[in-house]
Every structure is written in C-alpha cells, then in structure tokens.
Amino acid sequence: MGDGYDLVVIGAGPGGYVGAIRAAQLGMRTAIVERDKLGGTCLHYGCIPTKALLHAAEVAELARHAGQVGVRVESVSVDFAAVHRYRERTVSTLHRGVEYLMRKHRIATFAGTARLVGRNRVHVSLNDGSETELETRNVLVATGSRPRSLPWLAVDGDRVLSSDHLVSLQELPARLAVLGAGVIGVEFASAFASLGSQVTVVEILPRVLPGEDEEVSAAVEKALTRRGIRVLTSATLKGVERAGSGLQLSVEKDGKVEVLEADRLLIAVGRAPVTDGLGLEEAGVEVDGQGFVRTEGTYRTTAAGIWAVGDVIHAQPMLAHVASEEAVRAVEDMAGHPTAPLDYDAVPRCTYSNPEVASFGLTEAQARERGYDVRVGRFPFSANGKALILGERDGFVKVVTDAKHGEILGMHLVGPRVTELLPEGILGKSVEATIHELAAAVHAHPTLSEAVHEAALDALGRVVHV
Ligand code: NAI
C-alpha cells in the first residue's frame, strides 16, 4: 500500500483515466482501479468500436456509389468477419495507448472492483482473486453507465441485445429491429443498414433523436427512410416472442398492432448509472431517485474528499467528452486550483449516422420557451460547392440566435462530416462571440464550413448563395 495516494480514481473510462492524467500532471500520487479494461465503455463498447463500424458502413456506401464520380467498382460485398477484425484492431491500438499513458504518468493501475470503505480507504477485490486496500486523500468516482432494458424484457445477449452485444456481433443479422431512436438506436440502424441488414426502428416518441431540434429530427427520419430503413415513431413495443431462429415483435401504432419479424432486437432505450456495490451510502455519498450520484459545483459529492463525474452523475448528456472535462475540473478543484463547472450549453452533441448530426446549445423551441427574441439562420448543403463535390447534398446548418445582440444560442447541423464543423461554434460560444463575428470570419472556399458561415449570414439577412 505504500504511503497512500493523493487520489484513487474508480473507473478508467474517459472520465476516470483523463482525471488520473490531470492529477498526475498536478503532482498528485494517483492510482486507478478498473475491473474491465482501461479505456472503459467508450473505448471498448461505445464511441470507438461503433465509429469503426460506421466507417466500414460509409466505405461500403462510397463503393456502391463510386460510379457516380466515374470510378468503376465491379461488385461490393461486406465481409463482416473482416469488419469485426478491423474494429478490434482499432480498439486494441487505442487500448495500448491508454496503457502507455498510465505508465508515462506513473499512475498505479489496479485490475479489480473497488468499494469505498470510509472516506479515505478504497478496498479492491483484484481480478486475480486477491484483495488490497488503498489509502487515499481523495476519491474520484467515474464508474459510468450500463445499458437499460425494459422491465418485462430480458436482454439475453442472443436475440435480444444491448449495444454492448451488437457492437461485437460476429455475424450480420439479416433483419435487425431497433427499439429506441435516440443516439444509439440511430447510429446502429444507420451502420447495419449500410452493411446489408434490413432495419426497422421503433420509437415511442413522435420523432427520432427527440433531444435534437425538430427540423433535425425530420431531416434524419427522411434520410433514414430514403436509405430503406423502416422508421416507426409514436410506436410501442407490446410483446416479443421467439419464433424459429428469430423473433416476432408486436408493435402498436395508431391503435393498430402489427407483428414484425426480426432476427435480432437491439434495445437502445437509454443507460443507467453504475453504482451498485460501491459502498457509496456507507461513505456518505448521496444518490438521487434515479440512482445517479448527487454532485454540486465542481462535481463534489455529499461526502468530503469524494468527487464524481461522467455518466454516473447525469441523466444526460452521457458523453465521453463531458466526462473527461468534468474530471479535469474535479481534479483541479481537489488540487486547490480555481476552476468552474462545465457550461452545458456549450457542449457538442454528435450522432455519427449517415447523415451525421451535430449540435450544441438550445433548440429553436427551447430558445423560444426561454423567452428569447429568436432569430434563426439556415443554409442547405445542396447550395454548398464542397457538399456537391462529395455527392452529399442532404442536410443543413441552422443557427439559433438572440435578435437583440446576436448571441449564439445553439447550432444544429445535419449532413456530411458535420461533427467536424461544430468546434468553431463551440469556441465562439465559449468566448462569447456573436453571430456578427461568425459572419465576419473568412471561411475557405470550397469547404463544408462555408455552410456555417452562410447560416450566420442568413441570420443577419445577408445570405449569399441561396
Ligand atoms: P437516448 O436517451 O439517447 O435515447 C433513447 C431513446 O429510446 C429515446 O428516443 C426514447 O424516447 C426511446 N425509448 C425509451 N423507451 C422506449 C420504449 N419503451 N420503446 C421505444 N422507444 C423508447 O439513449 P441511448 O440512445 O440508449 O443512448 C444512451 C446514452 O449514450 C445517451 O445519453 C447518448 O447521448 C449516449 N451516447 C452518445 C453517443 C454519441 O455521442 N455519439 C453514441 C451513443 C450513445
């Protein structure tokens, strides 16, 4: 055990390992405990492997449409086992990277399950069967979340799957049903449709990606439908029966029940915090009615010396980059540095489907609800030269501003590579730039980013190319 640690981090996802690195940079003696693999859900089951799948899907689509730019591709087929190997290679390279970073920063890593025993001690049941106790001045809880299911429907990992199962599936399902059209549902529906599955999405609310601006939801639903994905909104899953080697799903929509057949069903109805067995209550850490750890300010829990960040403290946004940034701020707070909680109105939200979705801040409806004198600027990618070159005419940029001073309240994008177009808006928002500065900044031609510029000009009544 040595002389004890300044910080023990529980959970090595993007919250935990980034927090550990920041602590080491600040000269804190740091340990991290992880029962699965360094990198957490994001690296092994979430962000990275799903984006690898989506990239394979994108390449398949490009190959199918190569003829449009005069490149002849004789026949396109997807070798799903090879896609699987590519995904695993990508993950394992990044995994080795995180292991290296822990060594570089002299962060002690413990492979096992941690439990708080009082304020300054963490008990670890190591994966090799032994046990140890770590003494520490501070603790950072970053244990993340796990997929939620429906109370009446067991996820069996065989036909009824969570995203953890689907991402590492070895065989492509011929017919995939997806319950929930949030970020996970839409990304998987998009990827599997491009890889060759017949996909049906069942969403209980009236629109896909219900957290996004309404125009975004409408554009995404249209694009998914055009790609052959069946999207059922305002639809309720009433029952699931095993039939032969597949499933029969009873889905109610508009008062009628339809029976859908599928080989696999993905449950993507949200995620729940992981707090069980952590000893939080005994340590004086309060948890709310939904099981999320309660925090205040820079992520302090109700117990002195214990901070918590990431999915374990939020219903939303459950995002890797949010967890990392919260962890940095929590650790700076521990070290006595001046810091502040994140501004959640300047946090990027990205859905890596085809088409991509990217946004931050308020939707138009939210801005109106908050009483702003809303002025909206829009620009379609169909009028953007680079989008036309890429053959990606769908989608738009929408900026939501306050008419009074031109404050940027939110940006909402659908279309090619839009997840890479958000940072200028985020930076603008964080330095309190207005729509006037965005409109005055020179944007290179021809780039997709010109659509952001033109949307800003549109908000000021000066759009050029429409
Ligand atoms: P979500 O909360 O984004 O979406 C869940 C969807 O399921 C909602 O549309 C909801 O209305 C629907 N739903 C709930 N109960 C239902 C039912 N009984 N029948 C039909 N539909 C139902 O949750 P999701 O997609 O599971 O993602 C979990 C978290 O992971 C989110 O916070 C998300 O932001 C995060 N994530 C982020 C990614 C990214 O940044 N690209 C990728 C994947 C996940």
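The values are calculated or read from the model by the stated rules, or taken from the named source; none is laboratory data. Just so you know, these numbers come straight off a predicted model, no measurement behind them. Neighbour counts run over all protein chains shown; Cβ positions are idealised from the backbone, glycine included.
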Pick out the one residue from G46, G13, G40 that is under 30 Å from S353 (Cβ atoms), in contact with a Pro (Cβ under 7 Å, 6 or more places away or on another chain) and at pLDDT 95 or above.
-> G40
Has the stretch 329-351 got any residue that is outside any helix (DSSP H, G or I), within 13 Å of the ligand (Cβ to nearest atom) and buried (at least 24 other Cβ atoms within 10 Å of the Cβ)?
-> yes
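Criterion first (outside any strand (DSSP E or B), buried (at least 16 other Cβ atoms within 10 Å of the Cβ), among the acidic types (D, E) and more than 13 Å from the ligand (Cβ to nearest atom)) does E215 satisfy it?
Details: outside any strand (DSSP E or B): yes; buried (at least 16 other Cβ atoms within 10 Å of the Cβ): yes; among the acidic types (D, E): yes; more than 13 Å from the ligand (Cβ to nearest atom): yes.
In short, yes.
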Cross-chain or 6+ apart pairs with Cβ under 8 Å, the stretch 423-443 first and free of Cβ contacts under 8 Å to residues at least 12 places away in the same chain, then among the aliphatic types (A, V, I, L, M) and surrounded by 14 or more Cβ atoms within 10 Å (Cβ to Cβ) | L427/A433; H443/V452
Which numbered condition L413 misses (of (1) touching a helix residue (DSSP H, G or I) at 6+ places or on another chain (Cβ under 6 Å); (2) under 14 Å from R378 (Cβ atoms); (3) not in a helix (DSSP H, G or I)) | (1)
Name every residue in the stretch 286-317 that is touching a strand residue (DSSP E or B) at 6+ places or on another chain (Cβ under 6 Å) and in a loop (DSSP other than H, G, I, E, B), in order of residue number.
-> G291, F292, T295, Y299, T301, G305
Name the residues in the stretch 111-148 that are within 16 Å of the ligand (Cβ to nearest atom) and touching a Lys or Arg at 6+ places or on another chain (Cβ under 8 Å), would you?
-> S145, R146, P147, R148
In the set R22, R35, R29, which member is more than 23 Å from the chain's Cα centre (by Cα) and charged (D, E, K, R)?
-> R29
Out of the residues in the stretch 218-242 that are assigned to a loop (DSSP other than H, G, I, E, B) and loosely packed, with under 14 Cβ neighbours inside 10 Å, which is nearest to the ligand (Cβ to nearest atom)?
-> S234
Positions within the stretch 261-279 being more than 11 Å from the ligand (Cβ to nearest atom), in a loop (DSSP other than H, G, I, E, B) and aliphatic (A, V, I, L, M), in sequence order | V274, L278
Is there any pair linking a residue in the stretch 308-329 that is of a type in the set (S, T, Y) to one that is within 14 Å of the ligand (Cβ to nearest atom), with Cβ under 6 Å and at least six apart or on different chains, and which?
-> S324/P14
When L362 is evaluated against the numbered criteria (1) of a type outside the set (D, E, K, R); (2) surrounded by 18 or more Cβ atoms within 10 Å (Cβ to Cβ); (3) within 16 Å of the ligand (Cβ to nearest atom), which criterion, by number, is the only one it fails?
-> (3)
Expected output for the stretch 47-62 (first residue more than 14 Å from R85 (Cβ to Cβ) and assigned to a helix (DSSP H, G or I), partner polar (S, T, N, Q) and away from the ligand (no atom under 14 Å from the Cβ), Cβ below 8 Å, 6+ apart or cross-chain) is I48/T90; A57/S194; E58/S194; A60/S194; E61/S194
Within the stretch 426-446, the residues that are under 26 Å from the mean Cα position of the chain (by Cα) and surrounded by 14 or more Cβ atoms within 10 Å (Cβ to Cβ) are I426, G428, K429
What is the residue count in the stretch 166-212 for residues that are more than 8 Å from the ligand (Cβ to nearest atom) and either β-branched (V, I, T) or outside any strand (DSSP E or B) (or both)?
-> 26
